[in-house]
Protein chains: 2
Amino acid sequence: MSNEVLRIVPIGGVGEIGKNMTAIEYGDDIIVIDTGIMFPENDMLGIDYIIPDFQYLIERRDHVRAIVITHGHEDHTGAIPHVLQEINVPIYATPLTRGLIEVKLARRGMLQRAQLNTVNAGDNIKIGPFTVELFHVCHSIPDAVGLAIDTPAGLIVHSGDYKFDHTPVDGWATDYAKLAELSSRGVLALLADSTNADKAGWTPSERVIEPAFEQIFRDADGRVLVATFASLISRMQQVANAAEKMGRKMAFVGMSMRENAKMARKLGYLDIPDSLVVSVEQALKMSPGQVVLMCTGSQGEPASIMGRLATGRNRQFSVEQGDTIILSSHPIPGNEETVYRTINRLFERGAEVIYDPIAPVHVSGHASQEEMKLLIELVRPKYLIPVHGELRHLRQHRLLALEMGMKEENVLVTGNGQVIEFVDGNLRLGERIPGGYVFVDGSGVGDIVPSVMRDRERLSNDGVVIVSVVLDKFTGDPIHSPVIRTKGFVYEPEAQDLLEALERQVYEALGRNLNGSTERYLTDRLRGFIYNETQRRPMVFVNVQKA
Amino acid sequence: MSNEVLRIVPIGGVGEIGKNMTAIEYGDDIIVIDTGIMFPENDMLGIDYIIPDFQYLIERRDHVRAIVITHGHEDHTGAIPHVLQEINVPIYATPLTRGLIEVKLARRGMLQRAQLNTVNAGDNIKIGPFTVELFHVCHSIPDAVGLAIDTPAGLIVHSGDYKFDHTPVDGWATDYAKLAELSSRGVLALLADSTNADKAGWTPSERVIEPAFEQIFRDADGRVLVATFASLISRMQQVANAAEKMGRKMAFVGMSMRENAKMARKLGYLDIPDSLVVSVEQALKMSPGQVVLMCTGSQGEPASIMGRLATGRNRQFSVEQGDTIILSSHPIPGNEETVYRTINRLFERGAEVIYDPIAPVHVSGHASQEEMKLLIELVRPKYLIPVHGELRHLRQHRLLALEMGMKEENVLVTGNGQVIEFVDGNLRLGERIPGGYVFVDGSGVGDIVPSVMRDRERLSNDGVVIVSVVLDKFTGDPIHSPVIRTKGFVYEPEAQDLLEALERQVYEALGRNLNGSTERYLTDRLRGFIYNETQRRPMVFVNVQKA
């Protein structure tokens, strides 16, 4: 062992910790694990998505040697286009993960720029002082890996997103032998997925949903529509299996669903015979009892197929009486309201809608408590660093480790931006780096700062009142009536009294002839008047000009 | 039986059906069941709360004979102040329900106006052609009742919010005998709570949380803070029981918590000895291991005690290292994000936070599937009308009834505003009444119409750009530089290039000398320019005046 410092840097802001991007640093060499995005919370108004603030890496771009991606989900791959613009280093990914990254980069016209390298579970990648060994883990997407990172300061194991599924859809179980072998080499620290740390027991195998699918496909007289994430490749396989068994043809609806399925079939991760697949156009011409439509929109996203079907805005086809719709997903926290509203709307349009817990049509892709304990038991790390989860999940993961006999000082619950250092085989806290999240809104990256967000919130709460006045520069009298416009404040046709009262307020205030401070005085006065009259606080803009 | 029409009118909009307010109408007589509010969904921007649109009742106010309230929760009582302003008729409620209504009306200075009548489970109230019999049901608040409404057209049973708790905290089980007796008289229609229609099995008794409370109270070295709804009176009793057993004193924090506890103790629904209760001031002076603070804010509401503690804004005291906080509640759908963020923040401040599913510290107050089936079995109605739930819950409730052998034509899933009629013992659909929900925002009731809400949403997504120009009335040239202001659109200090480009756009457009249509032309042009530059769509206001 060297006595140089090994540093682990979880990059991001408040939210899931160590999830979207993590740096491993030794001397002048850095490798980056994953480059994902976060989805905005409900009060992040107008934001499309969020990327980790990786200024720390930009400042050290000459030290960054490689990016290693654990699997093909958006929260691990989505920020690649942004990172590539600043740090163009070799990217290592398994075949399916690479394929999905290619789809993403091609859409942005960035595929040529990227240095993509295919690796496989079991491979060792030598990067500077690091040897990164990839080991297979089960997750809700095939070809996911965890990482064993051998460093001069000790062996670090990163679980990636994982579950211990004994009967995975692709038949490829998590590599227990490798985990045990790593343990025999002595693991300095285990960074482990905490997503389901508050779920007792063992996450059910992906297989448990097949009987439910088969029964629904059998019982449905009409069409079956299955909505799930476009990246849930194993779910596509299960729908295909059930469709084949029940004599239905299958069509992929929605661009991301079609492209991902095409890539996964090309690479051999989806085993679906050509004879089973039809185009949407063909499916719509067939007898309803003979088709399954696999759609995007399990989170009720307004622009997705299911979101459009729920509100009658899908062009190619509509929900019909007799349709059976399966939502094969759980709402992402914060999306519950949207998902349930979508379900209600689909019912209103005449469909039967089936979702968990009505029937077991979805399982989590993440380990539950007993699996987390097994991972700790298999790897037997000196230090456990719970990652992938909100603080509440990390705290719960810590409790599990303490129950198993790990010592308090050997379990570290921390936050993004907190550098974790290892020297002489011991953990210590390093500096806190500035960081956080960067909002992406339209083509703007990072220009929505907190004050802009606060203004959006104020505008959203009570709207806006805009007053324009032109004064005669000699007499100070208004040349025209003041122009008063409102949006999101009151329903103007029924608020004429209030608008006229506002106009009187403007005239009275102008009568005071305040010169320089007229705009400010008028703004304050109107704000006060409006609050007294309505108990609301719209943003008030007054523009006074002289002519 | 008469051959006049009996009408049931669920009043409200899209959301929970038959929940907040229902009219029962026979000839010229109407009784109203419950007058509750709804809480706004995440995309109802700036709205304080929502009341059912009861225009239907206002138009028939001379026919309304009475309001009967089933229990003291906000979604059944919260709209009383609004209803009283239009329809001041006798209100019937059980003692605790009446007490909580008094607290609410007193705060608004409306207590004197209301005609409140105390009734008890087992009582019959004769109102016009109706005889309303109240029967006891268990729920998460004591003194809840269901209603058996005898009408000339047949017997209607309304479950109210209920669960079949065999070991309720107050020892008072649901009145099974009465349900069976009603069945023997022949029930035309059962309106039954569907809230948990997608939950298998039987809702656990309120009692199951007592061992968890006791263990947490015992294990905690420091203070224990319990957050729950201020109306969850039975939870207060359980906290008191555990506190007494574990040698802690108890304080109520937050006005609604204190007032409700005081009323419930006065009326004998809370059995808490004076020696157990201390003021907050006293509690803060005691040794931390000797106190329990019972607080509002289990939903993370920013203005509640727990919401303020999470963000360090509580005046009287703060969260300290060593505090144990129990959230004795489930997030209301749509509140998940806020609740989990609150939990994370409380952890950050050094507390241990315990919530379901970490420990069984909350159970639902509503029946699950097996209880729903038991209710149907006990009451054996000719018609089942699932109420209290979103459409998805009602549809699931319907499936349960069909599984039990009820016929499709005897189960009616419907929506608010759909009049249900009974003639000669048969159900038929009546008219659809106009209605929906009325938004309350500040002092305004109902003036936030959909177009105003859409404007708020647009404002919240991309902010606002305001441009003012004064033109010389003879030359058409601008007298000053255009004034351009933005809010919630970009961070102005870093968007000077964009703002200057906007100014150039204004000058170029004005060069075209479009006269009458200048404002419209300029608005469209700026919108297009802004979208091209930023991929955002702020609201654009242009004011052009001549002087």
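The values are calculated or read from the model by the stated rules, or taken from the named source; none is laboratory data. Every value quoted in this text rests on a predicted model; they were computed, and no experiment measured them. All Cβ positions, glycine included, derive from the backbone under ideal geometry; neighbour counts span all protein chains shown. Accessible surface areas use protein heavy atoms only, side chains included; no ligands, DNA or RNA. Shrake-Rupley method; radii C 1.70, N 1.55, O 1.52, S 1.80 Å.
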So how exposed is residue B:38, as accessible area in Å² (1.4 Å probe, rounded to 10)?
-> 30
Segment A:206-355 - Debye-derived log10 I(q)/I(0), Cα point model, q = 0.11 Å⁻¹ = -0.36
At a probe radius of 1.4 Å, what is the per-residue accessible area of residue B:262, in Å² to the nearest 10?
-> 150
Going from most exposed to least, what order do B:184, A:318 have by accessible area with a 1.4 Å probe?
-> B:184, A:318
Each residue of A:45-51 has, on average, a number of other protein chain C-beta atoms within 10 Å of its C-beta equal to 3
Calculate the all-directions average of the projected area of segment B:440-523's alpha-carbon convex hull, and give it in nm².
-> 7.8
Once all protein chains are kept in place, residue B:519 shows an accessible area at probe 1.4 Å, nearest 10 Å², of 70
Taking +1 at the Cβ of each Lys and Arg and -1 at the Cβ of each Asp and Glu, which of A:436, A:542, A:486 sits farthest along the dipole of segment A:430-547 towards its positive end, judged by Cα position relative to the Cα centre?
-> A:436
Applying the Karplus parametrisation 6.51 cos²θ - 1.76 cosθ + 1.60 with θ = phi - 60° to the phi angles of segment A:19-35, what ³J(HN,Hα) value in whole Hz is obtained for each residue in order, glycine and proline being reported as x?
-> 9, 7, 6, 9, 9, 10, 10, 9, x, 9, 10, 10, 10, 10, 9, 6, 9
Taking the Cα atoms of segment A:153-234, report the difference between the largest and smallest coordinate on each principal axis, in whole Å and largest first.
-> 62, 26, 22
Dmax and Rg, reported as Rg then Dmax, of segment A:424-473 (C-alpha, Å) | 21.7, 79
Cα centroid of segment A:390-414 to Cα centroid of segment A:453-481, whole Å = 55
Per Stokes-Einstein, at 10 °C and 1.306 mPa s, what whole-number D in µm² s⁻¹ belongs to the protein assembly as shown, with the Kirkwood radius over Cα pairs as the hydrodynamic radius?
-> 49
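Using C-alpha positions alone, give me the convex hull volume of segment A:195-270 per residue in cubic angstrom.
Convex hull of Cα atoms, per residue: 124 Å³.
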Calculated label separations, residue A:332, copies of the chain, 7 Å along the beta-carbon direction, nm | 2.5
With all protein chains present, how much of the accessible area of segment A:206-355 (probe radius 1.4 Å) comes from carbon and sulfur, to the nearest whole percent?
-> 48
Under the definition of Cα pairs under 8 Å and six or more residues apart, what whole-number percent is the relative contact order of chain B?
-> 16
Measuring label to label, 7 Å along Cα→Cβ, what does residue A:274 give against each other copy in nm, shortest first?
-> 9.0
Between chains B and A, total accessible area buried, probe 1.4 Å, no ligands or nucleic acids, nearest 100 Å², roughly 6200
Part-to-part distance (alpha-carbon centres) for segment A:251-305 and segment A:63-105, which is given in Å = 25
What is the Cα coordinate range of chain A on the first, second and third principal axes, sorted by size from largest, in whole angstrom?
-> 90, 69, 48
Cleavage-rule hits, trypsin sites (Lys or Arg not before Pro), segment B:90-133, DSSP coil, Cβ neighbours within 10 Å at most 15 = B:108, B:113
Any idea how far the Cα center of segment A:144-158 sits from the one of segment B:110-169, in Å?
-> 65
For residue A:46, net neighbour charge (Lys/Arg +1, Asp/Glu -1) across residues whose Cβ lies under 15 Å away | -2
Would you list the P(r) distribution for segment A:198-242, with all Cα-Cα distances sorted into 10 Å bins from 0 and each bin expressed as a whole %?
-> 23, 49, 23, 5
